[in-house]
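Asks: This is the structure, below, for whatever I ask next.
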Amino acid sequence: MRMEFLCYHRDRPDSETLRDELLEEHWSYMDQYAKEMIARGPTFADDDTATGSLHIVDLPDAATARAFAFDEPNYQAGVYRDVLVRRWRNLLGCTMWDFPGGRTGGNRYLVIGLGAGQAADLAVPADRDELIAYGPLLSDDGTAWLGTAVLVRAPDAQTARTILTQDRYADIEVHNWQFGGRS
């Protein structure tokens, strides 16, 4: 039995030079997981400075997901300040490469809602044409809802934020995101 996991590595301030130096090593590491990859790509500040790296992967268990996240070359070299690893459920049932909108065109966002209380947004919205990935964040055993993570094409960050039920989360993060990996 396999499970899906979301891994979001947040960059340390001023780590962009080191990140650039390790780009080929990072891609080579990720190439080993090509078959398991559901989505991947960097996040950016409004000024296009890299702020993190997202990977959604289908792996055997939580221990393997943590090894995937913490053995990553950028993490090992100190590019990242912290890592979010959560079990995730792929409610769209496809990968980012299946997105009909393609790799480019329009603004793309990673939206992470950190749960607070009763589970929310457990069903895919009816208007799903702009969704690239969508699903709940879960505890390692899959029984507790911890939030929701979405990749979406939207006109702006505020519109992307509205994909989640605003008052059901302790915090909602919105990050500029783009398709990652080798072209």
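Asks: Can you check what the net charge comes to around V111, using other residues whose Cβ is under 9 Å from the Cβ of V111 (Lys, Arg +1; Asp, Glu -1)?
Replies: 0
Asks: Something else about it: Pop a pseudo-label 7 angstrom from the Cα along the beta-carbon direction at both Q118 and T159 and give the gap in nm to one decimal.
Replies: 3.1
Asks: May I pose another question? With a 10 Å cut-off between alpha carbons and a GNM built on the chain, which of A62, A77, A160 moves the most?
Replies: Looking only at A62, A77, A160, the biggest GNM fluctuation is shown by A77.
Asks: In percent, what relative contact order does the chain have, based on Cα pairs under 8 Å that are 6 or more apart in sequence?
Replies: Dividing the mean separation by the residue count of the chain yields 27 percent.
Asks: Could you check the simple spin-label distance between Q76 and T95, using points 7 Å along Cα→Cβ, in nm with one decimal?
Replies: 2.4
Asks: For Y29, Y80, what's the fewest-to-most ordering of other Cβ within 10 Å of each Cβ?
Replies: Values: Y29 17, Y80 21.
With the sparsest Cβ surroundings first, the list reads Y29, Y80.
Asks: GNM, the chain, Cα, under 10 Å: largest mean-square fluctuation among D48, D58, D121?
Replies: D48
Asks: Another question about this same structure. Out of L137, L151, L91, any idea which swings most in a Gaussian network model of the chain, alpha carbons joined below 10 Å?
Replies: Of the options given, L91 has the highest mean-square fluctuation.
Asks: Moving on to the next point. At a Förster distance of 30 Å, what's the computed FRET efficiency of S28 paired with V83, Cβ-Cβ distance as r, to 0.05?
Replies: It comes to 0.95.
Asks: Determine, for R66, R153, the number of other Cβ atoms within 10 Å of each Cβ, and report the residues in order from fewest to most.
Replies: R66, R153
Asks: Calculate the FRET efficiency for Q166 and E16 from the Cβ-Cβ distance with a Förster distance of 41 Å, rounded to the nearest 0.05.
Replies: 0.80
Asks: Find the relative contact order for the stretch 96-177 and round it to a whole percent, using C-alpha pairs within less than 8 Å whose residues are 6+ positions apart.
Replies: Here the relative contact order equals 43 percent.
Asks: Treating only the Cβ atoms of Lys and Arg (+1) and Asp and Glu (-1) as charged, compute the dipole magnitude of the stretch 3-88 about its Cα centre; round to the nearest 20 debye.
Replies: Computed charge dipole of the stretch 3-88: roughly 460 debye.
Asks: When the helix-only estimate is applied to the chain (DSSP H runs of n ≥ 4, each -39,500 (n - 2.57), divided by the residue count), what is the mean residue ellipticity at 222 nm, nearest 500 deg cm²/dmol?
Replies: -4500 deg cm²/dmol
Values in this text are rule-based calculations from the coordinates and carry no lab data. Every value quoted in this text rests on a predicted model; they were computed, and no experiment measured them. A quick note on method: Cβ atoms are made from the backbone with ideal geometry, for glycine too, and the neighbour counts reach across all protein chains shown.
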